[in-house]
Amino acid sequence: MSLHRIGRVGELAEGASKVVVVERQAIALFCYQGRFFAIDDVCPHMGASLAAGYLEDDVVSCPLHYWRFRITDGTWADNPRIKIGSYPVHVEGDELMLELPSPPASQPGVSLL
C-alpha cells in the first residue's frame, strides 16, 4: 500500500469532482456528504472521464452513454457483478491522501512491460 497526497479538504466542494493523476493513473475524486471517494476515472465502456459525469446521490453517470457507477465502491449500478477500481481516501489534518495498493512484486526473469 502507498499513500499519495491529492489535495486539501477545502479544495473540493460538496457534490464536486475532479481528476487526479497518481502513478500515471487517472482517478476521479468526489466529495459526497462531507466524505471523499475515489474511483477509476475512465469509464470501461468508451473511455469517458467519470469525473466529468453527473453525480446523483452516490452514483456518477458517465457523460457519454450514462453508464452508472457507485462512487463508494466502483460497482456498476446496473450490473453489480462489474466493478471498476475504488480507492480509500484518508483525511490527515486537512490533507487528502489516496491509498493505492502496492504493485505485485516482480519475479526474476519476468518482464512487466
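Each reported figure results from applying straightforward, stated rules to the coordinates on display, with no laboratory input. If you're wondering where the values come from, they're calculated on a predicted model, not measured in any experiment. Because the Cβ atoms are built from the backbone with ideal geometry, glycine has one as well, and the counts that use them run over all protein chains shown.
Using a 10 angstrom Cβ neighbour count of at most 10 plus a DSSP loop assignment to flag exposed trypsin sites (Lys or Arg not before Pro), which longest range of the chain is free of such sites? Maximal segment without exposed cleavage sites: 25-80. Annotation: cysteines of the chain without a disulfide-compatible partner (Cβ-Cβ under 4.7 angstrom) are Cys31.
Which one, (1) 14.8, 48; (2) 13.1, 37; (3) 29.1, 103, gives Rg and Dmax of the Cα atoms in Å as derived from the coordinates shown? Matching entry in (1) 14.8, 48; (2) 13.1, 37; (3) 29.1, 103: (1).
Comparing mean-square fluctuations of Ile71, Ile39, Ile82 from a GNM of the chain with C-alpha springs under 10 Å, the top value falls on Ile82. Between Lys83 and Leu3, the modelled labels are 2.3 nm apart [label points 7 Å from Cα along Cα→Cβ].
All alpha carbon pair distances within segment 2-60 were sorted into 5 Å bins beginning at 0; the resulting P(r) in whole percents reads 4, 19, 31, 24, 15, 6, 1. The alpha carbon centroids of segment 35-63 and segment 83-100 are separated by 16 Å.
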